[in-house]
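Read the structure below first, then the notes.
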Amino acid sequence: MRRDIVPISVGAAATGLIFREHALRSQAERLSAATMETLLNAIDANDADTGSHVRRVASYALILGQAAGLDDRTMHSVERVALFHDIGKLHGALTDIFHESTKLTPEERRAVMTHPIRGAEVLAPLSAFYPELDKGVAAHHERWDGSGYPRGLKGRRIPLTARVVAIADSFDAITHVRRYSPGRSFKVGVEAIEAGKGTQFDPDLVDLFLSPSVQQRIESAMREAHSPRKKNANRRRGAKKAGPDITFRWRPLSPGSQSRDRQR
Ligand SMILES: [Fe+2]
């Protein structure tokens, strides 16, 4: 062997490769989180009420998902579907309708019902990376008994992410003040979810939602989301935030979330 060639040990080469792979993976994860954060910022910029709504829905959905024993991968999927389920509402054709304070006409109602598909279309370029995302968003208004929209999917044909998010979404729509209705109490929200068991919602997930430990966590998340003191703290924390935060550390609220909004 020539003296000027220093043999590299197989061990050192393998260690180098592992470090390189780790660095590449962590960069990919950061890019992914940054992409999601950018989308969330776009929602905030268009409609802060929707931005606040989707964060509350994400917090409730993750509590339910955790109680259901979902693995980390599925929990991330649930989080993404929750955060972007209403992105289709920002479509130019629907913005005015969602911001009107009068009752919807049948034609407007039909237009509103296009928002899950419009959302899925917006998110379609991400489907190579997150195959569950556009499918879950498209299905968040499907109902367990098959009477939902847009496809009338029934039971377990509805993606799990959408079944979890549907419960969280409805609970928030009932308990948070909106343009055309006051925010109802925690108890009323829970009763509405219970009433939809087996018709609107997955019965097993409703049972979990009604379990004492989940109820306790949802109630405390709801109080936290509606507390002005907490909101201000989050606002201050948000100002200092340096990087993307969609890694189970979503910002629970953004300024103005107590304002009147129209969520569905
Ligand atoms: Fe929706």
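Might you check whether a residue that is farther than 19 Å from Ser32 by Cβ and touching a strand residue (DSSP E or B) at 6+ places or on another chain (Cβ under 6 Å) occurs anywhere in the stretch 115-130?
no
Here are some conditions: (1) within 24 Å of Ala67 (Cα to Cα); (2) of a type outside the set (D, E, K, R); (3) away from the ligand (no atom under 16 Å from the Cβ). Ala124 meets all but one. Which one does it not meet?
Of (1) within 24 Å of Ala67 (Cα to Cα); (2) of a type outside the set (D, E, K, R); (3) away from the ligand (no atom under 16 Å from the Cβ), only one is false for Ala124: (1).
If Ile117 meets every condition in (1) closer than 18 Å to Phe209 by Cβ; (2) modelled with pLDDT of 95 or more apart from one, which number is that one?
So the condition that Ile117 fails would be (1).
Need pairs with beta-carbon distance below 8 Å; first residue more than 15 Å from Lys197 (Cβ to Cβ) and of a type in the set (Phe, Trp, Tyr) and within the stretch 141-152, second open to solvent by less than 60 Å² (accessible area, probe 1.4 Å) and in a loop (DSSP other than H, G, I, E, B); sequence gap 6+ or separate chains.
Partner pairs satisfying both residue conditions: Tyr149/His141; Tyr149/Glu142.
I need the full set of residues from the stretch 72-98 which are more than 18 Å from Ser52 (Cβ to Cβ) and of a type in the set (S, T, N, Q), in order please.
Let us first name the residues in the stretch 72-98 that are more than 18 Å from Ser52 (Cβ to Cβ), namely 72-78, 91-94, 96-97.
Across the stretch 72-98, the qualifying residues are Thr74, Ser77.
Which ones in the stretch 81-100 are buried (at least 17 other Cβ atoms within 10 Å of the Cβ) and either within 10 Å of Val165 (Cα to Cα) or of a type in the set (Ser, Thr, Tyr) (or both)?
The answer is Val81, Ala82, Leu83, His85.
With Asp49, Asp4, Asp72 as the choices, which residue is more than 32 Å from the chain's Cα centre (by Cα) and either open to solvent by 50 Å² or more (accessible area, probe 1.4 Å) or modelled with pLDDT of 85 or more (or both)? Let's see the steps before the verdict.
Values: Asp49 fails: more than 32 Å from the chain's Cα centre (by Cα); Asp72 fails: more than 32 Å from the chain's Cα centre (by Cα).
None of the others qualify; the one that does is Asp4.
The values are calculated or read from the model by the stated rules, or taken from the named source; none is laboratory data. The structure presented is a predicted model; accordingly, all values stated were derived computationally and were not measured. A quick note on method: Cβ atoms are made from the backbone with ideal geometry, for glycine too, and the neighbour counts reach across all protein chains shown. For accessibility, only protein heavy atoms count, side chains too; no ligands or nucleic acids. Shrake-Rupley method; radii C 1.70, N 1.55, O 1.52, S 1.80 Å.
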